[in-house]
Amino acid sequence: MDLRYTKKSTIFTSNMTFDKWPQILGNDEMMTKAVLDRNLHHSYIFNIVGPSYRIKDKLKHSSNKTK
């Protein structure tokens, strides 16, 4: 991690808010805070609000299968 830290870009995408992250990281709040702190340092957060294209496409494909 040190070789990449502050030298290259990394993109994370998630549909979960930060308060839900302990659930996916083993319910360990201290670990979650450490992971988020390290990854959010020098970060830009883009919160995109609107319909999900993946869900829209999945719903479209599933409705076509039932016809």
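Would you be able to tell me the number of residues in the stretch 35-67 that are open to solvent by 60 Å² or more (accessible area, probe 1.4 Å), part of a helix (DSSP H, G or I) and not aromatic (Phe, Trp, Tyr)?
13
Can you list residue pairs whose Cβ atoms sit under 9 Å apart, with the first residue in the stretch 12-25 being closer than 13 Å to Asn47 by Cβ and the second being in a helix (DSSP H, G or I) and aromatic (Phe, Trp, Tyr)? Count only pairs 6 or more apart in sequence or on different chains.
Between residues of the stretch 12-25 that are closer than 13 Å to Asn47 by Cβ and residues that are in a helix (DSSP H, G or I) and aromatic (Phe, Trp, Tyr), the close pairs are Ser14/Trp21.
Could you tell me which residue of the stretch 1-34 is surrounded by the fewest Cβ atoms within 10 Å (Cβ to Cβ), considering only residues that are among the aromatic types (Phe, Trp, Tyr) and in a helix (DSSP H, G or I)?
Applying the first criterion (among the aromatic types (Phe, Trp, Tyr)) to the stretch 1-34 yields 5, 12, 18, 21.
Checking which are in a helix (DSSP H, G or I) leaves us with 18, 21.
Working: Phe18: 12, Trp21: 16.
Once the filter is applied, the top-ranked residue is Phe18.
The values are calculated or read from the model by the stated rules, or taken from the named source; none is laboratory data. Quick caveat, the model's predicted, so the values are computed rather than measured. Reconstructed Cβ throughout: ideal geometry from the backbone, glycine too, with neighbour counts over all protein chains shown. The area values use the complete protein model at the heavy-atom level, side chains included, leaving out ligands, DNA and RNA. Shrake-Rupley method; radii C 1.70, N 1.55, O 1.52, S 1.80 Å.
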